[in-house]
Amino acid sequence: MTINLAENYGFCFGVKRAIEIAENTVGSSTYGPLIHNSKEINRLQKDFNVGLQEDINAFKKDDTVVIRTHGIEKQELKHLQDKDVNIIDATCPYVTKPQEIVEEMSDKGYDIVIFGDAEHPEIKGVKSYSKGRVFVVLNQDELENLNLKSKIAVVAQTTRKVENYLKLINYLIINYKEVRVFNTICNATFENQDAARDLAQKSDVMIVIGGKNSSNTKQLLSIAKEYCSDAYLIEGPEELQTQWFEGKNACGITAGASTPQWVILQIKDKIASY
Ligand code: F3S
């Protein structure tokens, strides 16, 4: 059996940047997980004494907090600033961008539509920057139920599929007078997705590595499954099952944007040993 890695996979620019920032802030804590990968978070804790704090009220004056890649809500940031906590911002610039757009466009009187998952931390953060009406939708049905004004500004969660974003934009443009569309989907996501699609077509088993709560990893799995029915999502080598590879000729491997290279290599080596 051959084992092939996707042409693009794993850590994106925003995650590499956040990890570097955290490694340079020894003794700090992140508010919420820095990235969606528990193994990397444990490594930062062990090697760089970067802790994880989920309770915003636990931060005290002069503590150092690293803001995670997905960003936090505006009021939470204000809360930390008011407490005189040292704030090191590792929010990915591709997430800061929609936050700024939402703030500016809502200030100009636009209704804000966000295409994404209302429960995802990135979207909670982006939404919190609106100064007016803001709606989070996942599909056209949800959009049709809204009573929007004639001026609308739209942004998308960085990890969404562009095809689905276009469907919503299409609906809005047909039904409303003024629609300002911002392409806030991240290129890193596209590149990993395109490479996963290519590789899945050439593979008879696909292994997708990443956090089970990571939105971009789950999307890679869904793309892999479209072209290769035997596709599995795992976080570490211990989850591999030998029977997945029985009778297979080509195994493809891809990994989500928060998956460290050392985890990917461990998994690749274990598959090679079968
Ligand atoms: Fe940023 Fe894109 Fe990564 S939004 S965190 S570079 S997937």
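Tabulated values for the structure
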{"read-out": "At least 30 Å along the helix axis (C-alpha) and Kyte average at least 1.6, DSSP helices within the chain", "value": "none"}
{"read-out": "Computed FRET value (nearest 0.05) for residue 166 with residue 100, which takes r as the C-beta separation and R₀ as 35 Å", "value": "0.95"}
{"read-out": "Cα-Cα over 25 Å, subset of 108/177; 167/218; 16/225; 16/124; 39/127", "value": "16/225; 39/127"}
{"read-out": "Compactness index (Cα Rg / 2.2 N^0.38 Å), the chain", "value": "1.09"}
{"read-out": "R0 of 41 Å, Cβ-Cβ distance residue 86-residue 107: FRET efficiency to nearest 0.05", "value": "0.90"}
{"read-out": "Stokes-Einstein D (µm²/s) once Rh is taken as the Kirkwood radius of segment 1-105 over alpha-carbon pairs, at 20 °C in 1.002 mPa s", "value": "145"}
{"read-out": "Principal axis dimensions, largest first and in whole angstrom, of segment 94-181 by Cα", "value": "29, 28, 19"}
{"read-out": "Nearest-20 debye value, the chain charge dipole, Cβ charges on Lys, Arg, Asp, Glu", "value": "440"}
{"read-out": "With DNA, RNA and ligands ignored, accessible area of residue 79 (1.4 Å probe; Å², nearest 10)", "value": "60"}
{"read-out": "Between segment 1-42 and segment 112-134, the alpha-carbon center distance in angstrom", "value": "24"}
{"read-out": "Inter-site label distance for residue 266 and residue 173 at 7 Å from Cα along Cβ, in nm", "value": "4.7"}
{"read-out": "Surface accessible to a 1.4 Å probe, residue 264 within the full protein complex, Å²", "value": "0"}
{"read-out": "Calculated [θ] (222 nm, deg cm²/dmol) that DSSP helices of n ≥ 4 give over the chain, each run adding -39,500 (n - 2.57)", "value": "-12500 deg cm²/dmol"}
{"read-out": "Where segment 120-239 is the region considered: accessible area per residue in Å², 1.4 Å probe", "value": "46"}
{"read-out": "Of all accessible heavy-atom area on the chain, the percent that carbon and sulfur account for (1.4 Å)", "value": "45"}
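The values are calculated or read from the model by the stated rules, or taken from the named source; none is laboratory data. Given the structure is predicted, the values throughout are model-derived calculations rather than measurements. Every residue, glycine as well, gets a Cβ built from its backbone with ideal geometry; the counts of neighbours run over all protein chains shown. Remember, those area values only see protein heavy atoms, side chains included, never the ligands or the DNA or RNA. Shrake-Rupley method; radii C 1.70, N 1.55, O 1.52, S 1.80 Å.
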